[in-house]
Amino acid sequence: MPSRYLVQFAQAHEEFRLPELQSISELNGFTIQFLDDPECNDPKRPFMVLELENEEQARLLARRCILVKAVYDYYGHGSTYEALHEVNRSSKPKWEQYIPDTSFKFIVSGFNHTIPQRRQRDVIESFAYMDFLGEINMKTPQILLACFEEYDESFKRPREEHAGDGGFRQLYFGRLLEEGTARPLVNVFDVKKRKYFGNTSMEAEISLLMANQTMASPGKLMYDPFIGTGSMAYPTAHFGSLMFGSDIDGRQMRGKTYDHPSSNLKSEPGVFRAAKQYGVDGRILDLATFDMTNHPWRCGGFFDAIITDPPYGRLGRKRELSDRQKELCRIHREAPQPEDTPYIPPTKPYELSHLVSDLILFARYLLKPEGRLVFFLPTVNDEYEEVDVHNSLCEGMEVIANSLQDFGSWGRRLITIRKTTLQSYPPPTFEAQREESHTPAHKDFREKYFQGFKAPLSEPSPLDSPKLADQ
Amino acid sequence: MVRLITHNLLACHVKGCNANNFPLEFRNVELEIREAEFNPDFVKGFLPKIEWKALVDTARQLGDTSLPEEQPEMLDDDFLKNLHHVLLEIHVEEGAMVCPNCKHEYPIASGIPNMLLAEHEIA
């Protein structure tokens, strides 16, 4: 018999909530039933009611989902206290075991609103019919009962104290099962406290969400082809997976302290240092310097997931080589220099829409069947269309989640793609020339970003076109 | 680093070097043995992807003779533990990997192999 559980979300990244719940339930081999009730199934709101097979499944979600603040055994919801009490009465089989001698604490809490103390007492008293005989214990209760009043966004605005009190949209009531224990990882992996990071390091919360989208767990092998300073490697390894990383620029993985050829000091590469800090250095399988478009993989079909934040030049990575580097290139061209610092190739501009299609082909080659590709795609919000992502897809690869992190005029989408085919495919050819029928909103993203997403002055803006005359 | 599991997956990728480009030969290696978590399911799952002869030869070259010449049919615990040790616990920290065919040398520094090719080796 499935049972209902109340989920309280952390107030962040609404679009990432459902994909995360689904990934973690799939990882643990169960499915979530969502209720056919708009008050209980809207991931944009702070509370959601789920149907699960058992309590353990709800606890698993609380222990792994970064966006779950707490899970509760669900006793009822309603738009008025009368309605809530009616549902709660019918839930009696779930709570009657606590009547005789269980110590308890009762909290009443408002979302987007602070409920005056006096009314909190009234609310608690309105539950008197539950007739709990155990003592009230504020410090170490055996159970915690929580009643939430959800107010609309507008309640956040400054106003007279307690104005509008009681004008809630919905009520939720249940018994606390477990606080979300994955959420504190956001603090553990805080980039500012990390021993090694760079200006392209991904913030901890997002890296953790990405790691959950890969369904990272012990015994899995993962790969980041643009590993940089390793932001996604640490949480993925924390969840038990082995992580392989490569990057065209070895300096990103090593960090500045990397010894100069003239010095005898050997310093540990930065990614290993940070991995040690988190106790996951043993799970960084290996790092290697190479470019995705010229890779040395002997075969494909062995990674469980690919997790990456591709370079899209927002931070001006399209750099010129210094004179010293140009000199190194010249020396390398003329004679091999095994003792020298690694050869650093000049980076070429790589059009983002091509990079994305190539990355998906590359993932199809390297992933096991059912393996996942999880990556960020920056895009211009006003121009974005669903087809932008779908046109980059190839046979055997299917989008299973697409969540926007909105920065106003632009945003980035966390895309999760599953390899649905059992077939083996050859590695991609990474051709430079290709034809396109549709121009996606992420095309020439870097140029658009630096122009502030305004149409270039030399070309007529689409707003000037005679569209208005048609109406 | 450069564990033998990684070594077993990398081939020379110089333009036009398509035959006899695997396995790369280790040169002037500095080894380190570091214990790794043993996960028998992972080792078993990875077995089909291994080029067995390349792994055994390379392990022997580096002084580990625990693996049999032929891949056994029975996967007992001792065998999986030996395989785990060879794949994940032997680290090549310094040295180089050299292509048996075109002799291209991929240097390894602080455990990170440089597999980048210069422009003339790509195009």
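Kindly indicate which of A:Ser392, A:Ser424 is of a type in the set (S, T, N, Q) and either more than 29 Å from B:Lys15 (Cβ to Cβ) or surrounded by fewer than 21 Cβ atoms within 10 Å (Cβ to Cβ) (or both).
A:Ser424
Specify which of the listed residues (A:Gly230, A:Gly180) is within 14 Å of another protein chain (Cβ to nearest Cβ), of a type outside the set (Val, Ile, Thr), touching a residue at least 12 places away in the same chain (Cβ under 8 Å) and surrounded by 20 or more Cβ atoms within 10 Å (Cβ to Cβ).
None of the others qualify; the one that does is A:Gly230.
Inspect region A:112-124 for any residue being among the basic types (Lys, Arg) and over 17 Å from A:Tyr81 (Cα atoms) and give the result as yes or no.
No, the conditions are met nowhere in region A:112-124.
Does A:Val399 count as modelled with pLDDT of 65 or more and either open to solvent by less than 10 Å² (accessible area, probe 1.4 Å) or within 27 Å of A:Asp249 (Cα to Cα) (or both)?
In short, no.
Working carefully through the options B:Ile112, B:Ile90, find the one that is of a type in the set (Val, Ile, Thr), at the interface with chain A (Cβ under 10 Å from one of its Cβ atoms) and either in contact with a helix residue (DSSP H, G or I) (Cβ under 9 Å, 6 or more places away or on another chain) or surrounded by 21 or more Cβ atoms within 10 Å (Cβ to Cβ) (or both).
Residue meeting the stated conditions: B:Ile112.
If I filter region A:39-56 for residues that are over 21 Å from A:Glu149 (Cα atoms), among the β-branched types (Val, Ile, Thr) and not assigned by TED's automatic domain parsing to the domain that holds A:Leu404, do I get at least one hit?
Within region A:39-56, none of the residues are over 21 Å from A:Glu149 (Cα atoms), among the β-branched types (Val, Ile, Thr) and not assigned by TED's automatic domain parsing to the domain that holds A:Leu404.
Starting from region B:78-96, keep only residues that are more than 10 Å from B:Val2 (Cα to Cα) and among the β-branched types (Val, Ile, Thr), then list their pairs with residues that are outside any helix (DSSP H, G or I) and open to solvent by 20 Å² or more (accessible area, probe 1.4 Å) whose Cβ atoms are within a distance under 8 Å, requiring at least 6 positions of separation or different chains.
B:Val86/B:Asp64; B:Val86/B:Ser66
Could you figure out which of (1) open to solvent by less than 20 Å² (accessible area, probe 1.4 Å); (2) over 21 Å from A:Leu177 (Cβ atoms); (3) of a type in the set (A, V, I, L, M) isn't true of A:Leu61?
With respect to (1) open to solvent by less than 20 Å² (accessible area, probe 1.4 Å); (2) over 21 Å from A:Leu177 (Cβ atoms); (3) of a type in the set (A, V, I, L, M), A:Leu61 is out only on (2).
Counting only residues that are under 24 Å from B:Phe42 (Cβ atoms), open to solvent by 10 Å² or more (accessible area, probe 1.4 Å) and either among the aromatic types (Phe, Trp, Tyr) or within 9 Å of chain B (Cβ to nearest Cβ) (or both), how many does region A:282-311 have?
7
Here is a list: A:Pro349, A:Pro342, A:Pro336. Which entry is within 12 Å of another protein chain (Cβ to nearest Cβ), surrounded by fewer than 16 Cβ atoms within 10 Å (Cβ to Cβ) and modelled with pLDDT under 95?
Exactly one of A:Pro349, A:Pro342, A:Pro336 is within 12 Å of another protein chain (Cβ to nearest Cβ), surrounded by fewer than 16 Cβ atoms within 10 Å (Cβ to Cβ) and modelled with pLDDT under 95, namely A:Pro336.
Would you check if there is a residue in region A:62-73 being of a type in the set (A, V, I, L, M), in a helix (DSSP H, G or I) and at pLDDT 95 or above?
Within region A:62-73, one or more residues are of a type in the set (A, V, I, L, M), in a helix (DSSP H, G or I) and at pLDDT 95 or above.
What number of residues within region B:25-41 satisfy the criterion of being facing another protein chain (nearest Cβ under 9 Å) and either open to solvent by less than 20 Å² (accessible area, probe 1.4 Å) or of a type in the set (Gly, Ala, Ser) (or both)?
Result for region B:25-41: 1.
State all residues of region B:8-20 that are of a type outside the set (Val, Ile, Thr) and more than 9 Å from chain A (Cβ to nearest Cβ); if no residue qualifies, say none.
Answer for region B:8-20, where residues must be of a type outside the set (Val, Ile, Thr) and more than 9 Å from chain A (Cβ to nearest Cβ): B:Gly16, B:Cys17, B:Asn18, B:Ala19, B:Asn20.
Test each condition in (1) closer than 28 Å to A:His13 by Cβ; (2) modelled with pLDDT of 90 or more for A:His390 and report the one that comes out false.
Result: A:His390 fails condition (2) only.
Take the residues of region A:427-448 that are among the hydroxyl-bearing types (Ser, Thr, Tyr) and modelled with pLDDT under 80: which is surrounded by the fewest Cβ atoms within 10 Å (Cβ to Cβ)?
A:Ser437
Where in region A:86-198 are the strands (runs of 3 or more DSSP E), entirely inside, with at least 1 residues that are closer than 30 Å to A:Lys276 by Cα and within 35 Å of the chain's Cα centre (by Cα)?
So the answer is A:170-179.
Are any residues in region A:199-227 open to solvent by 30 Å² or more (accessible area, probe 1.4 Å) and either more than 23 Å from A:Leu404 (Cβ to Cβ) or over 16 Å from the mean Cα position of the chain (by Cα) (or both), and if so, which ones?
Scanning region A:199-227 gives A:Asn199, A:Thr200, A:Pro218, A:Lys220, A:Phe226.
The values are calculated or read from the model by the stated rules, or taken from the named source; none is laboratory data. Treat the numbers as computed from the prediction; the structure is a model and nothing was measured. Every residue, glycine among them, receives a Cβ derived from its backbone with ideal geometry; neighbour counts consider all protein chains shown. When the accessible area is computed, the model is the full protein with side chains, heavy atoms only, and any ligands, DNA or RNA have been set aside. Shrake-Rupley method; radii C 1.70, N 1.55, O 1.52, S 1.80 Å.
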